[in-house]
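Quick note: the coordinates plus some simple rules give every number you see, no bench work behind them. Because the structure is predicted, anything quoted here is derived from the model rather than measured. Note that each Cβ is placed from the backbone with ideal geometry, even for glycine, and that neighbours are counted across all protein chains shown.
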Ligand code: SAH
């Protein structure tokens, strides 16, 4: 019995590797991010648990979220162009934002800026349900198709202006914004649960990654994490 079970396990692993030529590169990237997280803990006082995020990033095939001609670059720790003057964020930043959101598997998350759908897929592994809004229709539609093909059934998308959040499914345990407004949109604070976390880059040129927590008395607590560079949150 033992032998049969082991042999079956080996077959499954072999199949997964055949299916996914990028498995090794992806795991190397996750190792790199793990080391960078350790540095960030010292530099920024990052206290959020990161193990679940690293596991999620080890699963999501980033190469399936970039244009086919760029698949071979997907596991460099860099942002990449996805057309329409937009980019898929740098993997370290995706990991950091996901960690700062401190998502539990029972929770509901809003993402603003679906883009390629990659960050949404990572959030989909971490959360119960993900709602993601994209303003550029062709990007949002392509991402929706891709997420559905890859089986991320708990990730829901729509086309719209994320300044308004997605009120129909509010309130959210966490909100992750992947484009930078010049100030934090009120609707996003309103759609956050008590105890919820909003992770958002803020600023025109000099942007800071900010975490906003909504406290029991309805007030918010804000902290700046690191300087970042995101595309602007447009209207
Ligand atoms: N999370 C994405 C990163 C995409 S870059 C990924 O993993 O690939 C930011 C995205 O935000 C772009 O696709 C851009 O079109 C979108 N965006 C910009 N302003 C927006 C707005 N007001 N509402 C919703 N999406 C917006």
Residue satisfying condition, being in contact with a helix residue (DSSP H, G or I) (Cβ under 9 Å, 6 or more places away or on another chain), farther than 27 Å from residue 37 by Cα and within 11 Å of the ligand (Cβ to nearest atom), within set 115, 162: 162
Residue 152: assigned to a loop (DSSP other than H, G, I, E, B) and more than 8 Å from the ligand (Cβ to nearest atom), yes or no? yes
Going through region 167-219 one residue at a time, which ones are in contact with a helix residue (DSSP H, G or I) (Cβ under 6 Å, 6 or more places away or on another chain) and more than 11 Å from residue 112 (Cβ to Cβ)? 211
Can you name every residue in region 123-139 that is near the ligand (Cβ under 8 Å from one of its atoms) and in a helix (DSSP H, G or I)? 139
